[in-house]
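Chemist: Provided herewith is a single structure, encoded as structure tokens, for subsequent inquiry.
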Amino acid sequence: MEVSFSKEVEMLRMGAGETFHGEGILAITKALLQSGVAYVGGYQGAPVSHLLDVMVQAKDYMQELGVHVEACANEASAAAMLGASIHYPLRGAVTWKSIVGTNVAADALSNLSSPGVKGGVLIVVGEDYGEGASVIQERTHAYALKSGMVLLDPRPDLSRMVDMVEHGFRLSEASNMPTVMELRIRACHVRGSFVAKDNQAPAQSALHLLAEPAKFDYSRLAHPPVTFGQEKLKHQERIPAARAYIEAHGLNEHFDGEHHDLGLIVQGGLYNTLIRALQQFDLADAFGNSRIPLLVLNVTCPLLPDQIANFCQGKRGVLLMEEGQPEYIEQEVATLLRRRDLQTPLHGKDVLPQGGEYTAEVMAQGLLQFVNRYLTVPSNEASASGATDATATATSGVQAWLQGNQTRRTGVAQALQAQGQTLPPRPPGFCIGCPERPVFSAIKLAQQDIGAVHVSADIGCHALGTFEPFSTGHTILGYGMSLASRAGVSPSMQRRVLSIMGDGGFWHNGLLTGVQSALFNGGDAVLLIFKNGYTSATGTQDIISTPDDAAKLAAADKWQSLAHTNQTIERTLQGLGVQWLRTVHTYEVAKVRETLVEAFTSDFNGLKVIVAEGECQLERQRRIKPWIASLLKQGERVQRVKYGVDEDVCNGDHACIRLSGCPTLTLKDNPDPLKVDPVATVIDGCVGCGLCGENAHAATLCPSFYRAEVVQNPGVWERLLASLRAGLVRVLQPA
Ligand code: SF4
Ligand code: SF4
């Protein structure tokens with residue numbers, strides 16, 4: 001990984017009394033060290049990648065403290081790592097993106113939760129839900145409920161988040177339950193400060209080794225018959241112990257307000273957004289003081305029945321803000337109120353949407369109904385209920401704000417419609433020069449030869465091939481699952497099915513669930529593996545097939561792709577028994593097309609694997625840019641390649657754009673006043689990957705593309721030659 005986190009690593013060293021300024025997720029990382037964590041693992045994924053990335057780069061400091069850090073193969077291996085805390089008083093933390101990572105980890109989590117833990121366990125999950133999320137929209141809450149884990153959802157304030165990490169470990173030890181901390185995207189990226197404490201070196205660690213293994217204890221195994229007893233322990237001992245800790249340490253927060261007869265209950269992570277929504281009603285100030293009493297649930301599982309009942313008792317109405325579906329908290333609160341025969345009206349999903357992110361605007365719509373019902377009353381009743389004219393005025397202001405937003409959206413849509421347009425969608429796309437784009441061009445061309453094929457797609461950058469202009473991929477069943485997910489389709493298809501997988505997905509899951517299964521079952525499948533050298537989609541983290549530092553240093557020509565320097569994938573496939581294996585360079589479109597056609601038409605009945613090599617352009621640019629800058633600074637000659645379109649030759653049919661999708665291959669007005677179609681053009685960002693030339697050749701496009709060599713710091717002869725050429729062009733060109 002070429003990105004450096006040296007500044008962040010320094011921040012981890014802060015001691016007592018120093019003020020930490022930064023992002024939420026880095027504050028959590030520092031809090032782990034303040035809590036005396038002994039081991040940290042995980043699998044990267046937004047929005048929590050930063051935690052593991054920084055820890056991995058802080059290796060030297062971690063060794064000083066005796067903290068073991070492991071970049072795990074997948075979330076299941078990270079969750080299994082927590083087994084260390086079942087017998088030993090070791091505090092452990094792991095991290096991943098949820099819900100997908102939690103799904104992968106589910107088996108190990110069940111087997112961890114059943115025997116329970118001795119050392120505190122904290123699982124930091126990025127709750128990738130709502131705007132900006134990149135995975136299926138589901139809630140981690142379900143796992144906490146079913147497996148008997150504590151779920152923390154801290155108020156997005158750095159001091160509170162750090163406190164909750166420290167409490168999370170102690171709570172886990174007090175209850176023997178694993179603790180999960182869910183952090184929404186906004187909580188991970190919220191900025192703020194807190195006063196740091198000294199980091200705690202763990203008592204038992206890589207520096208202070210355990211002399212003996214724990215005594216054999218069958219009750220610590222997740223195995224019958226003790227699993228029956230463990231199931232009872234969850235509700236008889238562990239949950240009551242967790243509740244006692246939460247109450248004793250005031251983990252949930254009660255903020256009072258002048259409207260005592262009303263109440264708002266909110267998941268901690270939604271607190272900031274709720275305050276923003278309340279401000280629209282003039283029901284909260286800029287410092288977060290609410291005029292309606294708030295119960296902020298920094299722990300959303302287990303709930304404290306007494307605390308909730310006391311909060312609701314005597315109120316005319318309570319509104320619960322719970323994001324996502326199903327409404328687990330609301331159902332539990334409703335049940336506990338009913339059991340205690342408390343008649344306080346409870347509102348939640350009746351005034352708020354069932355699913356989707358609760359933004360300030362969404363919350364304001366729910367609050368409007370609540371406020372209209374309980375706070376805006378005729379003036380003669382106002383004094384009795386505590387309602388004020390000011391509230392009524394604010395409510396109409398909110399109505400106007402919401403209406404204004406809606407009117408603006410409708411206005412824009414209508415204006416576009418009047419011009420015969422719709423707002424163009426802006427799907428994400430491959431980086432400029434991405435080595436995976438040419439392969440999708442080749443897949444398009446190969447299908448011209450053999451006909452359309454069913455494509456099992458996967459998770460990773462290559463999933464961007466499901467967007468225009470490629471629109472390639474019928475299903476995505478999970479990370480590394482493409483080959484496994486074609487097993488039911490292949491037998492019913494006339495043509496062979498294509499499965500696409502990245503090297504990240506191959507190591508995460510694809511090798512076993514896909515390759516091993518296809519070989520064992522004699523599947524007649526075609527698997528295309530993108531070997532770009534990194535798990536690029538999660539932030540270009542290293543994997544076992546990443547080119548090592550020695551290869552990078554030894555690269556005589558840094559312009560060259562390094563993806564071919566590590567052969568672990570090929571050797572593994574051969575070792576497993578793959579007999580049909582081809583390696584192609586992704587940028588050679590005609591060759592990739594030919595290899596695909598061969599795989600689809602070959603007489604070989606069995607697994608056919610094509611390894612498509614091409615180093616991730618993002619990582620490559622990070623590697624070569626400083627090198628080029630240093631060459632230029634030293635006055636050395638640097639030659640780069642750029643592509644361009646001759647606008648006099650371009651016929652304006654844009655076939656090249658439909659076959660490429662590169663953002664730097666775009667359109668401009670036709671300079672010929674007699675033609676209306678815009679011409680293709682290559683703009684400045686072109687990194688000269690060569691795909692334009694390859695596509696023009698492989699698809700026999702028009703001859704308008706040219707390749708230019710841009711020379712910086714040219715030598716004397718090159719300058720002389722350039723001025724001669726320029727002179728000749730001037731002579732030949734008409735004035
Ligand atoms: S990060 Fe790398 S692999 Fe992913 S789209 Fe960008 S260049 Fe392609
Ligand atoms: S050569 Fe073509 S595809 Fe490659 S970066 Fe330049 S414009 Fe994009």
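Any read-out appearing in this document is the output of simple, stated calculations on the displayed coordinates, not a laboratory observation. The model shown is predicted, which means the values in this text are computed figures rather than measured ones. So basically every Cβ, Gly included, is an ideal-geometry build from the backbone, and we count neighbours across all protein chains shown.
Chemist: Go through Gly644, Leu573, His585 and say which Cα lies farthest out towards the positive end of the charge dipole of region 565-673; charges sit on Cβ, +1 for Lys and Arg, -1 for Asp and Glu.
Modeler: Leu573
Chemist: Among Glu138, Glu182, Glu212, what is the fewest-to-most ranking by other Cβ atoms within 10 Å? Let's see the in-between values first.
Modeler: Details: Glu138 19, Glu182 26, Glu212 5.
Ranked by crowding around the Cβ, least crowded first: Glu212, Glu138, Glu182.
Chemist: Once you order the gyration tensor axes a ≥ b ≥ c over the Cα atoms, which shape class does region 1-44 get: rounded for a/c under 1.5, otherwise prolate or oblate by comparing a/b with b/c?
Modeler: On the way: a/c = 1.88, a/b = 1.16, b/c = 1.63.
Oblate shape, in that a/c is at least 1.5 and b/c is the bigger or equal ratio.
Chemist: How much length is gained on full extension from Asp449 to Asp672, taking 0.36 nm per residue of separation minus their Cα-Cα distance? Don't jump to the answer; show the numbers that get you there.
Modeler: Working: separation 223, 0.36 × 223 = 80.28 nm, distance 3.58 nm.
This chain segment gains 76.7 nm when fully extended.
Chemist: Averaged over every viewing direction, what's the projected area of the C-alpha convex hull for region 53-195? Give it in nm², one decimal, please. Could the numbers behind the result be given before it?
Modeler: Working: hull surface 35.0 nm².
For region 53-195, averaging the hull's shadow over all directions gives 8.7 nm².
Chemist: I'd like to compare 482-491, 335-344: which one has the highest average count of other Cβ atoms within 10 Å, and what's the full order after that? All intermediate terms of the calculation are to be shown ahead of the outcome.
Modeler: On the way: 482-491: 20.9, 335-344: 13.4.
The most tightly packed comes first, giving 482-491, 335-344.
Chemist: Now for a separate question. Report the full-extension gain for the segment Arg191 to Val649: residue separation times 0.36 nm, less the Cα-Cα distance, to one decimal in nm. Could the numbers behind the result be given before it?
Modeler: Details: separation 458, 0.36 × 458 = 164.88 nm, distance 5.25 nm.
Stretched fully, the Arg191-Val649 segment lengthens by 159.6 nm.
Chemist: With a/c under 1.5 counting as rounded, go ahead and sort region 490-536 into rounded, prolate or oblate using the C-alpha gyration tensor (a ≥ b ≥ c being the square roots of the eigenvalues; past the cut-off, prolate if a/b is larger than b/c, else oblate). Could the numbers behind the result be given before it?
Modeler: Details: a/c = 3.43, a/b = 1.71, b/c = 2.00.
Cα axes put region 490-536 in the oblate bin.
Chemist: Is it possible to state the helix-based mean residue ellipticity at 222 nm for the chain, with each DSSP H run of 4+ residues giving -39500 (n - 2.57), the sum divided by total residues, to the nearest 500 deg cm²/dmol? What is it?
Modeler: Working: 28 runs with 285 residues, N = 735.
The helix contribution divided over the chain gives -11500 deg cm²/dmol.
Chemist: Compute the length gained on full extension between Asn289 and Arg276: take 0.36 nm times their separation in residues and subtract their Cα-Cα distance, giving the result in nm to one decimal.
Modeler: Values: separation 13, 0.36 × 13 = 4.68 nm, distance 1.09 nm.
Gain on stretching Asn289 to Arg276: 3.6 nm.
Chemist: Another one. At a Förster distance of 25 Å, what's the computed FRET efficiency of Glu10 paired with Ser159, Cβ-Cβ distance as r, to 0.05?
Modeler: Values: r = 21 Å, r/R0 = 0.83.
Between Glu10 and Ser159 the formula returns 0.75.
Chemist: Here is a follow-up. In region 594-718, if every C-alpha pair distance is counted and binned at 10 Å from zero, what percent goes to each bin?
Modeler: In whole percents, the pair-distance histogram is 10, 30, 27, 22, 9, 2, 0.
Chemist: Let me ask you something else. I need Ser517, Ser471, Ser113 ordered by Cβ neighbour count within 10 Å, fewest first. The partial results should precede the final answer.
Modeler: Working: Ser517 15, Ser471 11, Ser113 24.
So the residues, fewest neighbours to most, are Ser471, Ser517, Ser113.
Chemist: Taking the Cα centre of region 1-81 as the origin, how large is its charge dipole in debye, to the nearest 20, when only Lys and Arg (+1) and Asp and Glu (-1) carry charge on their Cβ atoms? Walk me through the intermediate numbers first.
Modeler: Details: 4 positive and 10 negative charges, 29 e Å.
With only Lys, Arg, Asp and Glu charged at Cβ, the dipole is about 140 debye.
Chemist: Next up: Around Leu145, what is the net charge, scoring Lys/Arg as +1 and Asp/Glu as -1 over all other residues with Cβ under 12 Å from its Cβ? Please list the in-between numbers first.
Modeler: Details: positive: Arg139, Lys146, Lys234; negative: Glu332.
Value of the local net charge: +2.
Chemist: Further, regarding this structure: Please state the charge dipole magnitude for region 566-666, taken about the Cα centre, from unit charges on C-beta atoms (+1 on K and R, -1 on D and E), reported in debye and rounded to the nearest 20. Walk me through the intermediate numbers first.
Modeler: Numbers: 14 positive and 13 negative charges, 120 e Å.
Magnitude of the dipole: close to 580 debye.
Chemist: Can you compute the charge dipole magnitude of the chain about its Cα centre, using +1 on each Lys and Arg Cβ and -1 on each Asp and Glu Cβ, nothing else charged? Give it in debye, rounded to the nearest 20. It would help to have the intermediate numbers written out before the result.
Modeler: Numbers: 62 positive and 75 negative charges, 133 e Å.
With Lys and Arg at +1 and Asp and Glu at -1, about 640 debye.
Chemist: So what's the gap between the Cα centers of region 509-531 and region 268-331, to the nearest angstrom?
Modeler: Their Cα centres are 49 Å away from one another.
Chemist: Given labels modelled 7 Å from the Cα in the Cβ direction, how far is it in nm from Ala590 to Trp717?
Modeler: With each label placed 7 Å out from Cα toward Cβ, I get 3.1 nm.
Chemist: Same structure, new question: What does the charge count around Arg243 come to, taking other residues whose C-beta lies under 12 Å from its C-beta (Lys +1, Arg +1, Asp -1, Glu -1)? Provide the component values of the computation, followed by the final result.
Modeler: Values: positive: Arg238; negative: Glu237, Glu247, Asp306.
That works out to -2.
Chemist: Let me ask you something else. I'm a student and want to see the number: the projected area of the Cα convex hull of the chain, averaged over all directions, in nm². Don't skip to the end; give the middle numbers.
Modeler: On the way: hull surface 165.4 nm².
Across all orientations, the chain yields a mean hull projection of 41.4 nm².
Chemist: Still on this structure, I have one more. Given Gly120, Ala76, Gly263, which one lies farthest toward the positive end of the charge dipole of the chain, if we put +1 on the Cβ of every Lys and Arg and -1 on the Cβ of every Asp and Glu?
Modeler: Ala76
Chemist: Going by average Cβ density within 10 Å per residue, which order do the peptides 362-373, 142-153 take, highest to lowest? Each step should come with its number before you reach the end.
Modeler: On the way: 362-373: 19.8, 142-153: 22.9.
Listed from highest to lowest mean packing, they are 142-153, 362-373.
Chemist: Over all directions, how big on average is the projection of the convex hull of the alpha-carbon atoms in region 1-95, in square nanometres?
Modeler: Numbers: hull surface 25.3 nm².
Dividing the Cα hull surface by four gives the mean projection, 6.3 nm².
Chemist: Sticking with this structure for a sec: If each of Arg707 and Ala201 carries a label point 7 Å out from its Cα toward its Cβ, how far apart are those two points in nm?
Modeler: Once both label points are built, they end up 5.8 nm from each other.
Chemist: Compute the Kirkwood hydrodynamic radius of region 601-673, taking the inverse of the mean of 1/r over all pairs of distinct Cα atoms, and give it in Å to one decimal.
Modeler: Values: mean 1/r = 0.0579 Å⁻¹.
The answer is 17.3 Å.
Chemist: In region 569-674, with Lys and Arg counted as +1 and Asp and Glu as -1 at Cβ, which of these residues, Pro673, Leu631, Gln617, has the Cα nearest the positive end of the dipole, that is, farthest along it?
Modeler: Leu631
Chemist: Arranged by the count of other C-beta atoms within 10 angstrom, fewest first, what order do Phe228, Phe255, Phe530 take? Could you put the intermediate results ahead of the total?
Modeler: Working: Phe228 8, Phe255 16, Phe530 30.
Fewest-to-most Cβ neighbours within 10 Å comes out as Phe228, Phe255, Phe530.
Chemist: In the neighborhood of Leu274, defined by Cβ-to-Cβ distances under 14 Å, what is the net charge if each Lys or Arg adds +1 and each Asp or Glu adds -1? Mind dumping the intermediate values first?
Modeler: Working: positive: Arg155, Arg184, Arg186, Arg276, Arg291; negative: Asp153, Asp157, Glu253, Asp285, Glu322, Glu323, Glu357, Glu361.
Combined, the nearby Lys, Arg, Asp and Glu give -3.
Chemist: Also: For a protection proxy built on the mean count of beta-carbon atoms within 10 angstrom, sort 701-711, 628-638 highest first, please. Could the numbers behind the result be given before it?
Modeler: Details: 701-711: 14.5, 628-638: 11.5.
Per-residue Cβ counts within 10 Å, averaged per peptide and sorted highest first, yield 701-711, 628-638.
Chemist: With the radius of gyration and the Kirkwood radius both derived from the Cα set of region 546-642, what is their ratio Rg to Rh? Before the final figure, lay out the partial values.
Modeler: On the way: Rg = 17.4 Å, Rh = 15.9 Å.
We get a ratio of 1.09 for region 546-642.
Chemist: Roughly how many nanometres apart are two label points built 7 Å out from the Cα toward the Cβ at Lys349 and Asp306?
Modeler: Rounded to a tenth, the inter-label distance reads 3.0 nm.
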